[in-house]
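Peer 1: Structure in C-alpha cells, see below.
The values are calculated or read from the model by the stated rules, or taken from the named source; none is laboratory data. In this text, all values refer to a predicted model and were calculated from it rather than measured experimentally. All Cβ positions, glycine included, derive from the backbone under ideal geometry; neighbour counts span all protein chains shown.
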Amino acid sequence: TPRVFSGIQPSGGLTLGNYLGALKRFGETQDRGDMPTIYCIVDMHAITVWQDPEKLNRATRELTAGFIASGIDPTKSILFNQSAVPGHAQLGWIFNCVARLGWMQRMTQFKDKAGKNSENVSLGLFAYPALMAADILVYHATHVPVGEDQKQHVELTRDIAIKFNNDYGVEFFPVPEPVIEGAATRVMSLRDGTKKMSKSDPSDMSRINLTDDADAIAKKIKKAKTDPEPLPETLEGLEGRPEARNLVNIYAALSGKTAAEVVAEYAGQQFGTFKPALADLAVDRLSPISTEMSRLMQDPAEIDRILAHGAEQANAIAEPIVRRAYQIVGMVGA
Ligand code: ATP
Ligand code: MG
C-alpha cells in the first residue's frame, strides 16, 4: 500500500529551498489525498552537527509552525518529531548493520558537510543516511518527496531495503521511490550558483528565510549574484549561467509557471527589472506563511500537543514494523 514519508531537520530556520523543494510539495501531496502522508521534524538528524539545546527546542517548534503555515494540516497528515518515536533509532541500528561502509563512503552530502577535516566530525553524520532509511522504512513508506540533493540518500534507502530482504530471505521492506518534481528541485545559494541554498549555510545573504520580512527579501534578491547579460530569448540561453537560471527557476516555482514561460515573459530584459519583480512575487507568496508562523509560535504548548498527537499516530504504525523486523533478525522477546 502506498504511503508518503518525508522529513526536515530543525538545524536552523526554514529557507526558500526547503519551501519549494519540500514543504510546498508536501502540502500538495497531502491535498491530493490519494496516499496517507507522514511528515517528520528530524531532530535526531539535526544533532549529527552540534546544536545548542535551547535553539534545538525552538527550531523544532518553529519548524512545526512552518509545516502548518505551509499547508500541512495535522488532521490530514501525521506531523511529529523523530525522537518521540523510538522506532527510528531502533531500526536505524539494524540498518547500520545492513549498510556497507563502502556505500556510505560514496555519499556526497557527507563529503560536503565533513569537508577536509573529516576526522573531527561525528560518527552520526556518517551514519545519517542509514537513519534516514529507517525514517522511511519504519513506516513502509513507498514515496519520498525530496529535493534533488536527497536523491542519493533515497537510493541508498532502496539498497538497504533490498539487502535486508535478501539477507533474511523475506519480502518485508518495500523499495521506495524518490519523488523529485517541480521547477525548483534544487534552489541554489544567492551568493554562489554552484552551491545549494541551505539553512545551515553560515551566510544569511545566501538564502531567503521563511521568516524574512519584505525588506530583507528585497535586499537579498537585489544583491543576489548574477552575470551582466540580460535575460535570454529562450531557455537555452541560460546554459552556463547558473545564477540567472536559479532566479528564473525560483520565479517559475513561485508563480506556478514553467521556466520557459518566465524566460519568454522577460526576454531581453535586464536583471534590474527582473529582480524587483521576483522580490515582489516572493514577498507576496512568503509573507502569509511568515505571518502564520509567528501567530502559531505564540502558543508553543499547542505546538507541543500537535507533535505529541502526531507521535502517537506515528508510533502506532512504526511499533509493529520494528517488532516484526526484530523477529526477522532473530531478537528474543520481540
Ligand atoms: P542543512 O543545511 O542543515 O542540511 P537543508 O536546508 O539542507 O539544511 P534539510 O533539512 O537537510 O534542509 O532538507 C529538508 C528538505 O529540503 C529535503 O527534502 C531537501 O532535499 C530539501 N532541500 C534542502 N535544500 C534545498 C534546496 N536548496 N532546494 C530544493 N530543496 C532543498
Ligand atoms: Mg540538508
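Peer 1: I need a count of the residues in region 1-38 that are within 16 Å of ligand 2 (Cβ to nearest atom), in contact with a strand residue (DSSP E or B) (Cβ under 9 Å, 6 or more places away or on another chain) and not in a helix (DSSP H, G or I).
Peer 2: Selection size over region 1-38: 9.
Peer 1: Follow-up. For A334, only one of the following conditions fails: (1) assigned to a helix (DSSP H, G or I); (2) in contact with a Lys or Arg (Cβ under 7 Å, 6 or more places away or on another chain); (3) of a type outside the set (D, E). What is its number?
Peer 2: Result: A334 fails condition (1) only.
Peer 1: Output the residue which, of all residues in region 168-205 that are hydroxyl-bearing (S, T, Y) and in contact with a strand residue (DSSP E or B) (Cβ under 9 Å, 6 or more places away or on another chain), is farthest from ligand 1 (Cβ to nearest atom).
Peer 2: T194
Peer 1: One residue is enough: does region 134-146 have a residue meeting the conditions within 30 Å of W50 (Cα to Cα), among the hydroxyl-bearing types (S, T, Y), over 16 Å from the mean Cα position of the chain (by Cα) and at pLDDT 95 or above?
Peer 2: yes
Peer 1: Quick check: anything in region 10-32 closer than 29 Å to A214 by Cα, charged (D, E, K, R), within 11 Å of ligand 1 (Cβ to nearest atom) and touching a residue at least 24 places away in the same chain (Cβ under 8 Å)?
Peer 2: yes
Peer 1: Could you please find all residues in region 237-281 being of a type in the set (D, E, K, R) and assigned to a loop (DSSP other than H, G, I, E, B)?
Peer 2: Residues satisfying the conditions are E239, R241, K257.
Peer 1: Also, quick follow-up: Could you list, in sequence order, all residues of region 184-207 that are more than 15 Å from the chain's Cα centre (by Cα), of a type in the set (A, V, I, L, M) and surrounded by 17 or more Cβ atoms within 10 Å (Cβ to Cβ)?
Peer 2: Across region 184-207, the qualifying residue is only L190.
Peer 1: Do you know which of the residues in region 134-165 that are part of a helix (DSSP H, G or I), among the β-branched types (V, I, T) and under 26 Å from M197 (Cβ atoms) is nearest to ligand 1 (Cβ to nearest atom)?
Peer 2: Residue satisfying both the conditions and the ranking: V154.
Peer 1: Scan region 15-57 residue by residue and report those that are surrounded by 15 or more Cβ atoms within 10 Å (Cβ to Cβ) and of a type in the set (D, E, K, R).
Peer 2: K24, R25, D43
Peer 1: Restricting the first residue to region 147-164 and requiring it to be in the same structural domain as A325 (by TED's automatic domain parsing), which pairs with a second residue that is among the aromatic types (F, W, Y) and within 12 Å of ligand 2 (Cβ to nearest atom) meet a Cβ separation below 9 Å and a spacing of at least six or different chains?
Peer 2: H153/Y128
Peer 1: Which condition number does N120 fail, the rest of (1) over 16 Å from the mean Cα position of the chain (by Cα); (2) modelled with pLDDT of 95 or more being met?
Peer 2: N120 satisfies every listed condition except (2).
Peer 1: To continue, here is another question. Against the definition (within 18 Å of the chain's Cα centre (by Cα) and either in the same structural domain as A318 (by TED's automatic domain parsing) or free of Cβ contacts under 8 Å to residues at least 60 places away in the same chain (or both)), how does P178 come out, yes or no?
Peer 2: The answer is yes for P178.
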